[in-house]
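The values are calculated or read from the model by the stated rules, or taken from the named source; none is laboratory data. In this text, all values refer to a predicted model and were calculated from it rather than measured experimentally. Cβ atoms come from the backbone with ideal geometry, glycine included; neighbour counts cover every protein chain shown.
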Amino acid sequence: MSDSAEAIHNRLAELAAPTASSRVIDLGCGAGPTLLALSRVAPEATLIGIDRSAEFLRQAQQELHGHLGSVMALAADLRTPLPCGDESADAVLSYNTVECLPDPEHLLVEIARVLRPGGRVVLAHVDFDSLVIAGADADLDRRVCHAFADDVQGWMDHADGRIGRKLGLLLARSALRLVSVEPLLTWSTELSGHAEARIGEIRKALLSADKHGRGTVTAAEVEKWYAAVQEADRLGGFFFSELAFIAVAERPSDGCLAGATAPPNGVLPGHEDRWASGRSAAA
Ligand SMILES: C[S@@+](CC[C@H](N)C(=O)[O-])C[C@H]1O[C@@H](n2cnc3c(N)ncnc32)[C@H](O)[C@@H]1O
C-alpha cells in the first residue's frame, strides 16, 4: 500500500534541492507540510511560507519551531504580485494551490520575476478529475468524484480539477524552461490514513455544496455513497487512488526568460503593469 501523505512533500523538497544558504518560497503553504519537508532536507535554509489564511500561517510557523534557519510567514493573496523582491528566491514550490487561481499564468510571471537566474520552481497538484474510488456503484462513484473535482469550495476563488495534467504545459508556455514532469500515485486498499482523510474531505465538501445550492449530488446521495464506501471497506472491496503531477522548471542561468524578448528584469510583453506593481515589495 502506498498511502503516505508525506511522500509528495518529501519529493517536492528533494526536487527543490535546497542547501543551507537557499531561500525557498512555498506558495499556498497551508499548515506547512512542504515547508517541514524542506526543513528536513536543509535545516538552515531560509523558508518563506505565503498564504492568505492567517490561521494556516500560524500553524505553519508552529510546525517549523525547530527549524534552524530563518522562517517567514507572509499573508498575501496569490492573485496579486508576490511580496518578494526580484530574483530573491533560489526555489519556489507550490502544492495543491494553483487550481484556486483564476489566472495561473499571472502567478508564473510572478514566479519568474522572484526566481534568481538558475533558480527552480516545483509545482505539484493532484489531478482531482482522475480520482479513482471503488466504493459505491460506478455511476455514483463517478458523479461524486467529478462533483468534487468541479466544486468551487467556500475558501476557493476558482477550481480546476484537471490542473494536475496541465502543469507541464503551463510551465512550458511560461518564460521558464521546463525540466521535467513526473507522476506520483497514492493508493490504498483500506479506508485509513490519507484515503480516509480525502474521502472525509469529499463528503464534507459535497454536503456543503448541496447546502449552499451549488451541488450536482444531493446530500442524500453523498451519504448513500459514504455508507457504501464504508461497507466496501468492511467487505474488502474498497480501493482509492489519486494521481498528482509534479512539474519542474528553471529560470535560465543567463537570466534571460525563455519565449519572450524580455529585458533582464523578467518583464514579459503584456505583463509590464503587473511587474511594475510587484517590484516595490520585498521579502
Ligand atoms: C489545498 S490547500 C494546500 C495547502 C498546502 N500546500 C498543503 O500541501 O497542505 C490550498 C492553500 O492555498 C491557499 N490559497 C488559496 N487561494 C489563495 C490565494 N488566492 N492566495 C493565497 N493563498 C491561497 C489556501 O489558504 C490553502 O492554504
Worksheet entry | Unmet criterion (only one of (1) modelled with pLDDT under 95; (2) out of contact with any Gly (no Cβ under 9 Å at 6 or more places or on another chain)) for M1 | (2)
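Out of curiosity, is R52 under 30 Å from C256 (Cβ atoms) and either outside the structural domain of R251 (by TED's automatic domain parsing) or within 12 Å of the ligand (Cβ to nearest atom) (or both)? Spell out the reasoning first.
Working: under 30 Å from C256 (Cβ atoms): no; either outside the structural domain of R251 (by TED's automatic domain parsing) or within 12 Å of the ligand (Cβ to nearest atom) (or both): yes.
The answer is no for R52.
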Worksheet item: Which condition breaks for G213 when tested against (1) within 29 Å of G135 (Cα to Cα); (2) surrounded by 16 or more Cβ atoms within 10 Å (Cβ to Cβ)?
Response: (2)
Item to complete: Being within 14 Å of the ligand (Cβ to nearest atom), under 18 Å from the mean Cα position of the chain (by Cα), closer than 26 Å to L35 by Cα and outside any loop (DSSP other than H, G, I, E, B) narrows it down to one of A112, A124, so name that one.
Response: A124
Response to the item:
Of the residues in the stretch 22-60, those that are part of a strand (DSSP E or B), touching a Lys or Arg at 6+ places or on another chain (Cβ under 9 Å) and not hydrophobic (A, V, I, L, M, F, W, C) number 2
Item to complete: Kindly indicate whether E14 is of a type in the set (D, E), touching a residue at least 24 places away in the same chain (Cβ under 8 Å) and under 22 Å from E99 (Cβ atoms).
Response: no
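Let's see how each residue does on (1) surrounded by fewer than 20 Cβ atoms within 10 Å (Cβ to Cβ); (2) hydrophobic (A, V, I, L, M, F, W, C); (3) more than 9 Å from the ligand (Cβ to nearest atom):
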position	(1), (2), (3)
P83	yes, no, yes
A89	no, yes, yes
S94	no, no, no
L101	no, yes, no
R120	no, no, yes
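Could you tell me which of the residues R23, R52 is closer than 16 Å to A89 by Cβ and basic (K, R)?
Details: R52 fails: closer than 16 Å to A89 by Cβ.
Going through R23, R52 in turn, just one is closer than 16 Å to A89 by Cβ and basic (K, R): R23.
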Worksheet entry | Residue check for D103: acidic (D, E) and in contact (Cβ under 8 Å) with a residue 60 or more places away in the chain | no
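Going by the conditions given, is A37 of a type outside the set (D, E), within 30 Å of W187 (Cα to Cα), at pLDDT below 95 and within 12 Å of the ligand (Cβ to nearest atom)? Before you say what the answer is, go through the steps one by one.
Details: of a type outside the set (D, E): yes; within 30 Å of W187 (Cα to Cα): yes; at pLDDT below 95: no; within 12 Å of the ligand (Cβ to nearest atom): yes.
Judged against the criteria, A37 is not a match.
State the number of residues belonging to the stretch 50-74 that are more than 11 Å from C29 (Cβ to Cβ), touching a strand residue (DSSP E or B) at 6+ places or on another chain (Cβ under 8 Å) and touching a residue at least 24 places away in the same chain (Cβ under 8 Å). Before the answer, list the steps.
The first filter runs over the stretch 50-74 and keeps only residues more than 11 Å from C29 (Cβ to Cβ), leaving 54-55, 58, 62, 65-70.
With the extra rule that they be touching a strand residue (DSSP E or B) at 6+ places or on another chain (Cβ under 8 Å), the set shrinks to 54, 58, 67, 69-70.
Now restrict to residues that are touching a residue at least 24 places away in the same chain (Cβ under 8 Å): 67, 69-70.
Total satisfying the criteria: 3.
Which residue, of T46, T34, T80, is of a type outside the set (F, W, Y) and under 13 Å from the mean Cα position of the chain (by Cα)? Break it down stepwise before answering.
Values: T46 fails: under 13 Å from the mean Cα position of the chain (by Cα); T80 fails: under 13 Å from the mean Cα position of the chain (by Cα).
None of the other options fit; the residue is T34.
Taking helices (runs of 4 or more DSSP H) that do not extend beyond the stretch 137-212, which have at least 2 residues that are in contact with a Lys or Arg (Cβ under 8 Å, 6 or more places away or on another chain)? Break it down into steps so the answer makes sense when it comes.
Details: elements: 138-150, 163-172, 193-211.
The qualifying helices (runs of 4 or more DSSP H) are 138-150.
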